[in-house]
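To start, the structure under review is shown below, and the notes come after it.
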Ligand SMILES: Nc1nc2c(c(=O)[nH]1)N[C@H]1C(S)=C(S)[C@@H](COP(=O)(O)O)O[C@H]1N2
Ligand SMILES: [Mo]
């Protein structure tokens, strides 16, 4: 082969290597989005970025011409530009070996920026960007190594064969990743469809009059489903349709029960619709033991379902039992004190949240919600098994990892307004936030400005003791920096201690303290 033709042929191979590298990263990152069920994928996010920064005139002109094809066109256009860049970087790799890596970093940074810009992105989205970046860097090396090895323009037959073998291997691996990702996205869609078809006899719940204290910036009393905090160990969220779902209740019981989703709906339906009229609905504030003082791993929703004490009564709990080991479809477990499930609390098998079937990430089709206990000992999502037992027998997920065996919620309070580091006006300033001590209830919230006397806050209404309350107050501030502290007292008379402790093993203590500046 002449040198010219040899160079051309090597350049073609490098361009191919670049394009295949580009595709590999796109596929693995999209497969990751599907597998971890991240809300936003980088390709879509970048396409959205392009859309938002396209001048209106140009956008209108385009939409007039392509109509409903605008979204696929935007996505394929974004992908095409990316692959063209990868082809170029592949060719340039012969003389500038670091250029492709640089390009991949820039593209990944763009992808990361684009997903972080969307405020409903979960960590899964950023993780997907990282998977794509690593794929690019690795695949690029694997594919181009045989092509640039000796710097000679003409490739030996051996090098060419190695290159082709690697192209084949990469293509097969990419196809496999695509199939696995596609499979997860299909099972998710199947469950989404089943969920959309449900018509549950539940209500959205009206926020009680006076629950809001009317200070703008205080977390809204109802936490909407898409803003509700998310905590779980499930890498890929279980996807279970209502018709597949079963709950086994066994262990120290007279009669083992195997409940279907319809068994629960039957209990919830009113008698005039052929049901047992046992729908339970309540406002319950759920919070995480890992919530730092001032943190936001807490949310309040209107939950609908079936009272767990009724179901346990049907099963007939045997004497001597003191715990229930709950197991999720994904294998996660927790141990819950039996008395919290059989006593007067509205502990429930929840099917709906704020009037809608549970979102998949919040445990669809059925989860447990127990007022007054941290989520790690009570709020099992994708619940499939309840074993009535004793605490000696229970060895649950977080307890094995050093967290407490029992997790009653500790009284806590938080300042939402002003925010840490905020700038406010001088003179009279409204302040406010939330306080909670689920199942005990909040008796009083006090705040202290710049080390002065404790002032009693005004409290919003709450339907019962199982939810948070909003608090509000007014302070008078001069120009300068200020410190604001809050503390709550629950209805048992316990006032939050100022002693700061870590979240592990049984939840953080301490007063939320913020600094702000008035001018
Ligand atoms: N299956 C399963 N359920 C789980 C968990 C989990 O990791 N897996 N985490 C628990 C913890 S620690 C908390 S705080 C709550 C959070 O519920 P949310 O994600 O709906 O807010 O779920 C609980 N239920
Ligand atoms: Mo948690």
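Based on the inverse mean of 1/r over its pairs of different Cα atoms, what is the Kirkwood hydrodynamic radius of the stretch 412-518, in Å?
14.2 Å is the Kirkwood radius here.
Can you list, bin by bin at 5 Å, the percent of alpha carbon pairs in the stretch 325-462, starting at 0?
With a bin width of 5 Å, the distribution comes to 2, 9, 15, 16, 14, 12, 10, 9, 7, 4, 1, 0.
Looking only at Cα atoms, what is the convex hull volume of the stretch 2-185 per residue, in Å³?
So the per-residue hull volume is 124 Å³.
For a quick check: sort 393, 444 by the number of other beta carbons within 10 angstrom, fewest at the front.
If I rank by nearby Cβ atoms, fewest first, I get 393, 444.
Rounded to the nearest 500, what is the chain's calculated 222 nm mean residue ellipticity when only DSSP H runs of at least 4 contribute -39500 (n - 2.57) each, over all residues?
Rounded to the nearest 500, the figure is -12500 deg cm²/dmol.
Hey, what D do you get for the stretch 361-426 in µm²/s if you plug the Kirkwood alpha-carbon radius into Stokes-Einstein at 20 °C and 1.002 mPa s?
142
Work out how much length residue 8 to residue 481 would gain on full extension: take 0.36 nm times their residue separation and subtract the Cα-Cα distance, in nm to one decimal.
Result for the pair: 163.5 nm of gain on full extension.
Find how many whole Å separate the alpha carbon centroid of the stretch 71-131 from the alpha carbon centroid of the stretch 30-45.
Value for the Cα centre distance between the two parts: 14 Å.
Give, in whole angstrom and from largest to smallest, the semi-axes √(5λ) of the equivalent ellipsoid of the chain, with λ running over the eigenvalues of the Cα gyration tensor.
51, 32, 22
Sticking with the crude label model, points 7 Å out along Cα→Cβ, report the distance from residue 117 to residue 157 in nm, one decimal please.
A separation of 5.2 nm, rounded to one decimal place.
Taking 0.36 nm per intervening residue step and subtracting the Cα-Cα distance, what contour gain separates residue 84 from residue 198 on full extension?
That pair, residue 84 and residue 198, stretches by 36.5 nm at full extension.
What does the highest-first list of 466-475, 329-338, 35-44, 99-108 look like by mean Cβ count within 10 Å?
Per-residue mean Cβ counts within 10 Å order the peptides as 466-475, 35-44, 329-338, 99-108.
Give or take rounding to whole Å, what are the principal axis extents of the alpha carbon atoms in the stretch 225-401, in descending order?
Largest to smallest, the principal-axis extents are 45, 38, 31 Å.
What whole-number distance in Å separates the alpha-carbon centres of the stretch 324-355 and the stretch 375-399?
Comparing the Cα centres of the stretch 324-355 and the stretch 375-399, I get a distance of 8 Å.
Which percent, to the nearest 5, of DSSP beta bridges fully inside the stretch 225-401 are antiparallel?
90
Work out the FRET efficiency for residue 458 and residue 419 from their Cβ-Cβ distance, taking R0 = 22 Å, and round it to the nearest 0.05.
0.65
Could you tell me, in Å, what Rg and Dmax come out for the Cα atoms of the stretch 162-272?
Taking only Cα atoms of the stretch 162-272, I get Rg and Dmax of 22.9, 73 Å.
How high is the FRET efficiency between residue 220 and residue 101 when r is their beta carbon distance and R₀ equals 41 Å, given to the nearest 0.05?
Computed FRET efficiency for residue 220 and residue 101 comes out at 0.35.
Values quoted throughout were computed directly from the atomic coordinates according to the rules given, and no laboratory measurement underlies them. This one's a predicted model, so the numbers in the text were calculated from it and none came from an experiment. Glycine also receives a Cβ, built like all others from the backbone with ideal geometry; neighbour counts cover every protein chain displayed.
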